[in-house]
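Asks: Take a look at this one; I'll ask things after.
Just so it is clear, none of the values below were taken in a lab; they were calculated from the coordinates. Here the structure is a predicted model, which means the values were calculated and not measured. Here the Cβ positions follow ideal geometry from the backbone for every residue, glycine too, while neighbour counts run over all protein chains shown.
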Amino acid sequence: MVAACFLSSSAFAAFNVLIDVNSGKPPKDIMVVFDKTKDPKSFKPVDRKGNAEFSFAEDGAIVIKINQRGPSELVFPFPEVMDIAKANLVLLTCKLEGQSRTSWQGNWGQWTPYTGSKLWWGAFTTDTAGTRSASGAGLDSSSPGGFLPTEMTTIRLPAMFFARRGEGWADPSQTNALMLLIGNIRDTAEREFTLTIDRISVAE
């Protein structure tokens, strides 16, 4: 069994739920949200916080530069509205590359390449009003290796987390986007990360 981290709407740290998200029969797509091989530049992701930079690789993949200290809310719109409770998984095929460094008493240390570590980034969904889902899934614990992969890998995000209802939060029956929440970092840290996404889909 693989431990997939449940994230509450009010905080990133919550509790672990044991759910097997990486075994069994292969998932079947219900909806393809993004595919680098199919007119990729017509896809319009946004950062609601304005801290990330988007571009497209030569092969059509989404390339997201995460260089700022401030947080990001990366929104990937669905081609149509759906009831996320009718799905089992959201499949995110991606990799993370880059480096980071910290300072101590005003002196910056060396840049350290990202080779896999806990970043505590989360996946949520939004509805047609732009409201975030009442809960989400941790990208680290949903990833096969326990952290965002450095090689292109499909992460299985359990849709049951996005289907939770809560007063004041998104209506799961009106889901229309995947949202990745990237936390801020302290003034004593710097990062130069690149998140590359080949494909996003909703599956049963």
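Asks: Could you pull out the trypsin sites (Lys or Arg not before Pro) across segment 65-151 that fall in loop regions by DSSP (anything but H, G, I, E, B) with no more than 15 other Cβ atoms inside 10 Å? Walk me through the numbers before you get to the answer.
Replies: Details: sites: K65, R69, K86, K95, R101, K118, R132; in loops: R69, K118.
Taking segment 65-151 and a limit of 15 other Cβ atoms within 10 Å, the loop trypsin sites (Lys or Arg not before Pro) found are R69, K118.
Asks: Oh, and also: Near the amide H of A170, under 5 Å away, which other amide H atoms are found, from residues 5 or more places off or on another chain, if H is placed in the peptide plane?
Replies: R132, S133, A134
Asks: How big, in percent, is the set of alpha carbon pairs in segment 3-203 lying more than 24 Å apart?
Replies: So the pairs more than 24 Å apart make up 38 percent of the total in segment 3-203.
Asks: Next up: With n ≥ 4 as the cut-off for DSSP H runs, can you work out [θ] at 222 nm for the chain, using -39500 (n - 2.57) per run divided by the number of residues, rounded to the nearest 500? If you can, show how the numbers build up before the last one.
Replies: Working: 2 runs with 8 residues, N = 204.
Value at 222 nm, helices only: -500 deg cm²/dmol.
Asks: Among 75-84, 40-49, how do they line up by average Cβ neighbours within 10 Å per residue, starting with the highest?
Replies: My ranking of the peptides, most packed first, is 75-84, 40-49.
Asks: Further question on the same structure: Read phi for every residue in segment 36-51 and hand back ³J(HN,Hα) as whole Hz from Karplus 6.51 cos²θ - 1.76 cosθ + 1.60, θ = phi - 60°, with x for Gly and Pro.
Replies: 4, 8, 10, 6, x, 6, 7, 7, 10, x, 9, 10, 5, 9, x, 9
Asks: So how many Lys-Lys pairs in the chain land under 17 Å Cα to Cα, not counting same-chain pairs under 8 apart? Present the calculation step by step, with values, prior to reporting the outcome.
Replies: On the way: K28/K86; K36/K44; K36/K95; K41/K65; K44/K65; K49/K65; K65/K95; K95/K118.
Within the chain, the lysine pair count is 8.
Asks: So what is log10(I(q)/I(0)) for segment 104-185 at q = 0.11, 0.15, 0.26 1/Å, when the Debye sum runs over its Cα atoms only?
Replies: Values, matching the q order: -0.39, -0.63, -1.21.
Asks: Taking the Cβ of S72 as the center, what net charge do the other residues with Cβ under 12 Å away carry, scoring Lys and Arg +1 and Asp and Glu -1? Before the final figure, lay out the partial values.
Replies: On the way: positive: R48, K49, K65, R69, R191; negative: D47, E53, E73.
My count for the surroundings of S72 gives +2.
Asks: How much length is gained on full extension from K41 to W104, taking 0.36 nm per residue of separation minus their Cα-Cα distance?
Replies: 18.5 nm
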